[in-house]
Amino acid sequence: MNSSDEINSPMDINSLVRQNVRQLTPYQSARRIGGTGNVWLNANEYPVAPHFELTQQTLNRYPEAQPAQVINRYAQYAGLLPEQVLVSRGADEAIELLMRAFCEPNQDSILYCPPTYGMYHVNAETLGINIKKVPTTADWQLDLPAIEQNLDTVKLIYICSPNNPTGNLLNPEDIKRLLTMAHGRALVVLDEAYIEFSPQSTLVSWLANYPHLVILRTLSKAFALAGLRCGFTLANKPVIDALQKVIAPYPLATPVADIAAQALSKDGLANMRLHVTNMNNNKTKFITALSQLPIVKKVYPTASNYVCVHFKADKNVFQTLWDKGIILRDQSKAIGKQDYVRITIGTQAECETVITALKAIH
Ligand SMILES: Cc1ncc(COP(=O)(O)O)c(C=O)c1O
């Protein structure tokens, strides 16, 4: 056989792909869905880019595995010890690391409560970990009796507060009951990706009392650094130690650690808090304007930087705005009812553009 024969012979690569990956529907990230527009309100990003300069010129060297300055600053910001903090490639990597460290494929399960963030499901599916879905109650709170009935084989319970895509906070008393229920059996992973928009609602202080509580955080939202890919796991040392065993040797590129450290400096934190004030002001105005529109059925209360809106039937809001280059996130499938759209709070001008476009729909 000469070399050109080898190259030309057909081969079904797909038959080599793991079966669960063959069947997998990948996460439909905002970027993957695409769109062409100039108003991007579909990924819960901060609408204005912050400016940073690199301070380190050491790209010939591997980075620190867990950059001390980033860890120390985040620990101080969160009111924890450095040993209670792990930094990773976004909160998304943390979601997966927990599964890799704690769940036996084809044996253990994760449990989550839809409608919620899609990556808990996708990661478990990719890794061949069983999945238990316990839908939230009609008011998007935890259905504790149903969770209790489904705890068998569950090692990780993912909950999200403020919840994406609904925007509501989970009732802390329910989380306390969940922690009691899960004690000795499973970790409760509380995703606080949006907590900076409602900082008084963080449950980070509960880490002192609950060895099986894990909190996820990110620089992608209030810190305006979604492109940096930097997130944090907050937990007690035994959990962090287990994650350290499975994380990549150099999860954060040197420029990422450099910028993350700056974002967590005193000035960086002050900027983040300014972002939150700006967003919360825009949000109040935007919600008031939305609530007055005849095509709006309900604007759900939100503790985050996005708002879930139920529009009147058959107005085709998502598609109409998409066609105008205003990219929102259709949530009808996730919520299981038609005409639900999630809108990220943008700049004041972007919010006004949305309102004008909605007013034009009859
Ligand atoms: C609830 C929730 N958790 C985690 C993430 C992922 O965060 P990161 O950008 O840090 O990976 C997102 C991103 O949209 C999110 O909405």
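Just the residues that are away from the ligand (no atom under 16 Å from the Cβ) and surrounded by 21 or more Cβ atoms within 10 Å (Cβ to Cβ), please, taken from the range 208-234. Residue satisfying the conditions is Leu213 alone. Asn14 fulfils the conditions (1) more than 16 Å from the ligand (Cβ to nearest atom); (2) in a helix (DSSP H, G or I); (3) under 23 Å from the mean Cα position of the chain (by Cα); (4) loosely packed, with under 11 Cβ neighbours inside 10 Å except for a single criterion, (3).
Only a single item in (1) touching a helix residue (DSSP H, G or I) at 6+ places or on another chain (Cβ under 8 Å); (2) of a type in the set (A, V, I, L, M); (3) not in a helix (DSSP H, G or I) is not met by Ala313, and it is number (1). The one condition from (1) surrounded by 23 or more Cβ atoms within 10 Å (Cβ to Cβ); (2) away from the ligand (no atom under 12 Å from the Cβ); (3) within 20 Å of Ser161 (Cα to Cα) that Val239 does not meet is (3). The condition (being away from the ligand (no atom under 16 Å from the Cβ), surrounded by fewer than 21 Cβ atoms within 10 Å (Cβ to Cβ) and at pLDDT 95 or above) is satisfied by just one residue among Gln66, Gln84: Gln66.
For every residue, the table says whether it meets (1) in contact with a Phe, Trp or Tyr (Cβ under 8 Å, 6 or more places away or on another chain); (2) under 29 Å from Val276 (Cα atoms); (3) among the hydrophobic types (A, V, I, L, M, F, W, C); (4) surrounded by fewer than 14 Cβ atoms within 10 Å (Cβ to Cβ).
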position: Asp314; (1), (2), (3), (4): no, no, no, yes
position: Gln319; (1), (2), (3), (4): no, no, no, yes
position: Lys333; (1), (2), (3), (4): no, no, no, yes
position: Thr344; (1), (2), (3), (4): yes, yes, no, no
position: Ala349; (1), (2), (3), (4): no, yes, yes, yes
position: Thr353; (1), (2), (3), (4): no, yes, no, no
position: Thr356; (1), (2), (3), (4): no, yes, no, yes
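Within the range 245-257, can one find any residue that is surrounded by fewer than 22 Cβ atoms within 10 Å (Cβ to Cβ), touching a Cys at 6+ places or on another chain (Cβ under 9 Å), among the basic types (Lys, Arg) and modelled with pLDDT of 95 or more? There is no residue in the range 245-257 that is surrounded by fewer than 22 Cβ atoms within 10 Å (Cβ to Cβ), touching a Cys at 6+ places or on another chain (Cβ under 9 Å), among the basic types (Lys, Arg) and modelled with pLDDT of 95 or more.
Looking at Ile147, Ile129, just one residue is touching a helix residue (DSSP H, G or I) at 6+ places or on another chain (Cβ under 6 Å) and more than 13 Å from the ligand (Cβ to nearest atom), and that residue is Ile129.
Return the total of residues in the range 27-70 being of a type in the set (Asp, Glu) and in contact with a Lys or Arg (Cβ under 9 Å, 6 or more places away or on another chain). Adding up the residues that qualify gives 1. For the range 89-123, a residue qualifies if it is within 12 Å of the ligand (Cβ to nearest atom), free of Cβ contacts under 8 Å to residues at least 60 places away in the same chain and more than 27 Å from Asn171 (Cβ to Cβ), and exactly one does: Glu96.
If you go through the range 18-46, how many residues are part of a loop (DSSP other than H, G, I, E, B), closer than 26 Å to Val276 by Cβ, out of contact with any helix residue (DSSP H, G or I) (no Cβ under 6 Å at 6 or more places or on another chain) and within 15 Å of the ligand (Cβ to nearest atom)? Adding up the residues that qualify gives 3. Taking every residue in the range 268-290 that is surrounded by 13 or more Cβ atoms within 10 Å (Cβ to Cβ) and pairing it with any residue that is of a type in the set (Gly, Ala, Ser), at least 6 positions away or on another chain, the pairs with Cβ-Cβ distances below 6 Å are Met272/Ala222; His275/Ala222; His275/Ala224; Val276/Ala222.
The values are calculated or read from the model by the stated rules, or taken from the named source; none is laboratory data. Bear in mind the structure is a predicted one, so any value in this text is a computation, not a measurement. Here Cβ is always computed from backbone atoms with ideal geometry, including for glycine, and neighbour counts include all displayed protein chains.
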